[in-house]
Amino acid sequence: AQKTALLNFVRSGRGFLGVHSATDTFYTWPDYLDLIGGYFNGHPWHQGVTIEVADVADPLVAFLGNSFQLNDEIYQISDFDYRGSRVLLRLDQRSVDLNKAGVHQRFYGWPLAWKRFYGEGRVFYSALGHEASVWQDPRCQKILTNAILWSTRRSA
């Protein structure tokens, strides 16, 4: 009943924000994959990286410019719905060792934040947020604030 309530809530036009480990759950619930857009598939890097702004025109991330540096645990995503998701941030693969154990190269690369629709609802996900410093970073706070506003249809 709770799962149905969540899906109906979002589908009816409400918002859903997932952060970091929100893709590392409900692996046997296919409707959750339809909601969130991808699943966690390892984190081979825990370091400073360059993050590309995939859509510099999108109001959720436009303030960041073309790229920025961040130190965090970097997720890989499997089963990513690249057709139904608008990637906002992605890992700049030049900033990591692609030969490291556990790296899974996929044609869609390493999306780190995206937005999507679920029925009439708006869904935002960011893989960032393992480190406390990420939550204290004004850039990351602004991304989440913008995502809240977008998902609730108030702005951004």
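Worth pointing out:
- Inter-part distance where segment 36-91 and segment 120-156 are each reduced to a Cα centre, Å: 12
- Its residue count N fixes a reference of 2.2 N^0.38 Å for segment 1-94, and the Cα radius of gyration divided by that reference is 1.20.
- Short-range pairs are left out: with C-alpha atoms under 8 Å and at least six residues apart, the relative contact order of segment 1-63 is 20 percent.
- Per residue solvent-accessible surface (Å²) - the chain, probe of 1.4 Å: 49
- Working note: Karplus 6.51/-1.76/1.60 with θ = phi - 60° gives segment 116-122 the couplings 7, 10, 10, x, 8, x, 10 Hz, where Gly and Pro are set to x.
- Net charge of the neighbourhood of residue 4, taken over other residues with C-beta under 11 Å away and scored Lys/Arg +1, Asp/Glu -1, is +1.
- Distant-in-sequence amide H partners of residue 96 (H built 1.01 Å from N, under 5 Å): none
- Farthest toward positive dipole pole in segment 48-114 [+1 Lys/Arg, -1 Asp/Glu at C-beta], among 61, 112, 84: 84
- Placing +1 on the Cβ of every Lys and Arg and -1 on the Cβ of every Asp and Glu, with nothing else charged, gives segment 10-84 a dipole about its Cα centre of roughly 180 debye.
- Set of lysines with alpha-carbon distance to residue 142 below 18 Å, sequence-local pairs under 8 removed: 115
- Under the Debye formula (equal points on every Cα, no solvent term), log10 I(q)/I(0) of segment 1-48 at q = 0.13, 0.29 Å⁻¹: -0.36, -1.23
- Equivalent ellipsoid semi-axes - Cα gyration tensor, segment 82-156, angstrom: 25, 18, 9
- For segment 19-156, the fraction of alpha-carbon pairs in successive 5 Å shells from zero, as %: 2, 10, 21, 24, 22, 14, 6, 1, 0
- Inter-label distance, nm, simple model (7 Å from Cα along the C-beta direction), residue 97/residue 67: 2.0
- Whole-Hz couplings from phi, Karplus 6.51/-1.76/1.60, listed for segment 126-140; x for Gly and Pro: 10, 6, 6, x, 6, 7, 4, 5, 5, 5, 8, 6, x, 5, 5
- About the centre of its Cα atoms, the chain shows a dipole size close to 500 debye [charges on the beta carbon of Lys, Arg (+1) and Asp, Glu (-1) only; nearest 20 debye].
The values are calculated or read from the model by the stated rules, or taken from the named source; none is laboratory data. In this text the structure is predicted, and so the values were computed from the model without any measurement. Cβ sites come from the backbone with ideal geometry, for glycine too, and all protein chains shown count toward neighbours. Accessible surface is based on the protein model in full, side chains and every heavy atom, while ligands, DNA and RNA are left aside. Shrake-Rupley method; radii C 1.70, N 1.55, O 1.52, S 1.80 Å.
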